[in-house]
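So the structure is just underneath, and the comments pick up after that.
The values are calculated or read from the model by the stated rules, or taken from the named source; none is laboratory data. As the structure is a computational prediction, the values presented were derived from the model and not from experiment. Positions of Cβ are backbone-derived with ideal geometry, glycine not excepted, and every protein chain shown enters the neighbour counts.
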Amino acid sequence: MRKALIVIPTYNEKGNIKSLIEEVFSVTKNLEIWSIEILIVDSHSPDGTAKIIKEIQKKYKEKIHLLETEKEGLGKAYFKGFEYALEKIKPYVIFEMDADWSHLPKYIPEFLKKIEEGADFVIGSRYTKGGSIPKNWGLDRKFFSILGNQVIRWGFMKPKITDWTSGYRAIKSWIIKDNLPSMKNRSGYVFQVAMLDKAIKKGAVIKQVPIHFKNRKEGESKINSLKYSIQTFSYVLTHSSFIKFVIVGFIGFIIDFSISFLLIEKANFPKNKYWLANTISGEIAIVSNFILNNFWSFSHKKIDNNLFTYLTKFLKFNLISAGSVIIQSLGVQIFTNIIGPQYWIAYKIGIIMFVIIPYSYVLYNKFIWKKK
């Protein structure tokens with residue numbers, strides 16, 4: 001039997017926790033290859049949540065674990081719960097699950113089926129086909145949740161993952177073990193986003209299960225949407241390979257433009273040598289982009305420290321960059337012929353933003369900085 005542990009952080013959840021635990025064991029009682037246990041991480045709830053758990057333990061004995069901690073937020077609760085789970089319980093899979101019935105236990109078998117089929121990390125998605133959020137959510141919560149997930153999806157250039165902030169997940173223990181030391185100071189949604197980001201960078205297989213997210217049955221929500229959204233966007237801006245890639249591209253543009261300007265305007269290159277000036281400036285920008293991307297944008301999968309490998313990858317990088325130049329040149333010429341030359345700057349900017357950047361990012365990931 002494989003052990004699956006469901007980690008449930010609680011704070012003042014006496015009205016929900018008993019019925020939730022009963023339902024978890026009810027929907028999982030017929031699983032053939034899984035042994036289900038629950039770890040409650042209670043932040044010294046003043047309403048007596050821990051007392052209720054201790055009563056339930058008499059019925060389920062070793063299947064219910066209780067860890068009492070200080071009230072330090074969701075991220076800290078999960079960190080301490082995961083740490084305890086890896087050291088004391090040693091499960092094969094660890095679930096994240098809310099205590100307020102917003103995550104329905106009936107989906108647990110579907111999560112485990114995805115694990116059996118080879119997934120390392122399964123997300124309960126509200127924003128994939130078959131999933132949903134409550135219709136009576138306030139406009140502010142809908143705005144922060146829906147828009148936030150779109151920003152994260154495209155900020156990381158992982159559009160197939162539709163729900164980055166979902167707190168209903170099943171994760172193989174090796175992922176948590178590998179990444180937990182760097183998660184100590186992560187809070188709220190940032191904890192969720194960072195754990196998923198790090199799992200992807202480790203090469204984990206990610207799958208999704210559509211879920212219907214429900215409003216809590218009892219108690220009050222502890223969500224501060226604005227605070228967590230700001231923290232989450234800050235994480236994306238500082239950890240997204242794609243955003244770093246765009247910044248590196250802008251630096252390359254400045255280098256290219258500056259050197260070509262110096263050679264043409266200050267060094268007085270003749271008109272018949274402008275191509276040479278642009279070739280020199282372009283190649284220096286390419287070298288800059290290659291180095292910065294390797295040691296910053298794609299530092300989690302940087303090229304092995306081997307001269308032959310470096311040279312081979314650099315030649316491929318040059319080839320892809322040459323393709324970008326050809327696409328840009330042809331695109332500008334086509335639009336100029338069809339619409340007219342007066343908007344050539346707009347054509348150039350549009351092609352760079354919507355064609356060159358995605359084209360380069362995808363090919364660099366596929367041929368230069370592959371997953372290790």
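Computed quantities for the displayed model
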{"quantity": "Hits in segment 347-372 - residues which are more than 21 Å from D304 (Cβ to Cβ), of a type in the set (A, V, I, L, M) and surrounded by 12 or more Cβ atoms within 10 Å (Cβ to Cβ)", "calculated": "I351, I352, V355, I356, I357, V362"}
{"quantity": "Pair list, Cβ < 7 Å and 6+ apart or interchain, from segment 361-372 residues that are within 18 Å of I291 (Cβ to Cβ) to residues that are in a loop (DSSP other than H, G, I, E, B) and not aromatic (F, W, Y)", "calculated": "Y361/M157"}
{"quantity": "Count of residues meeting criterion [within 18 Å of G15 (Cα to Cα) and either among the aromatic types (F, W, Y) or within 26 Å of the chain's Cα centre (by Cα) (or both)] in segment 53-102", "calculated": "6"}
{"quantity": "Inter-residue pairs, beta-carbon under 8 Å, first closer than 13 Å to I40 by Cα and in contact (Cβ under 8 Å) with a residue 12 or more places away in the chain and in segment 64-81, second surrounded by fewer than 22 Cβ atoms within 10 Å (Cβ to Cβ) and among the aromatic types (F, W, Y), 6+ apart", "calculated": "H65/Y84; L67/Y84"}
{"quantity": "Residue in segment 85-114 that is nearest to L196 (Cα to Cα), counting only those that are surrounded by fewer than 19 Cβ atoms within 10 Å (Cβ to Cβ) and of a type in the set (D, E)", "calculated": "E110"}
{"quantity": "Residue match in segment 196-212 (condition: at pLDDT 95 or above, among the basic types (K, R), closer than 30 Å to N30 by Cα and part of a helix (DSSP H, G or I))", "calculated": "no"}
{"quantity": "Unique match (being outside the structural domain of V246 (by TED's automatic domain parsing) and part of a helix (DSSP H, G or I)) among K160, K135, K114", "calculated": "K114"}
{"quantity": "Hey, I259 touching a Gly at 6+ places or on another chain (Cβ under 9 Å), free of Cβ contacts under 8 Å to residues at least 40 places away in the same chain and not hydroxyl-bearing (S, T, Y) or not", "calculated": "yes"}
{"quantity": "Helices (runs of 4 or more DSSP H) wholly inside segment 270-372 containing at least 2 residues that are modelled with pLDDT under 85", "calculated": "274-292, 307-338, 344-351"}
{"quantity": "Candidate set: segment 244-269, residues that are outside any helix (DSSP H, G or I) and surrounded by fewer than 16 Cβ atoms within 10 Å (Cβ to Cβ); chosen: the one modelled with the lowest pLDDT", "calculated": "N268"}
{"quantity": "Index of the failed condition, N278 passing every other in (1) under 28 Å from A199 (Cβ atoms); (2) surrounded by 15 or more Cβ atoms within 10 Å (Cβ to Cβ)", "calculated": "(1)"}
{"quantity": "Scan of segment 129-150 for residues that are buried (at least 17 other Cβ atoms within 10 Å of the Cβ) and within 15 Å of the chain's Cα centre (by Cα), ordered by number", "calculated": "S145, G148, N149"}
{"quantity": "Of all residues making up segment 8-63, the number that are surrounded by 15 or more Cβ atoms within 10 Å (Cβ to Cβ), not hydroxyl-bearing (S, T, Y) and not in a helix (DSSP H, G or I)", "calculated": "16"}
{"quantity": "Segment 281-317: number of residues that are of a type in the set (S, T, N, Q) and surrounded by fewer than 15 Cβ atoms within 10 Å (Cβ to Cβ)", "calculated": "5"}
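Here's the yes/no breakdown for (1) more than 14 Å from Y168 (Cα to Cα); (2) at pLDDT 95 or above:
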| residue | (1), (2) |
| --- | --- |
| E72 | yes, no |
| K76 | yes, no |
| G81 | yes, yes |
| E87 | yes, yes |
| Y92 | yes, yes |
| M97 | no, yes |
| L104 | no, yes |
| P109 | no, yes |
| E116 | yes, yes |
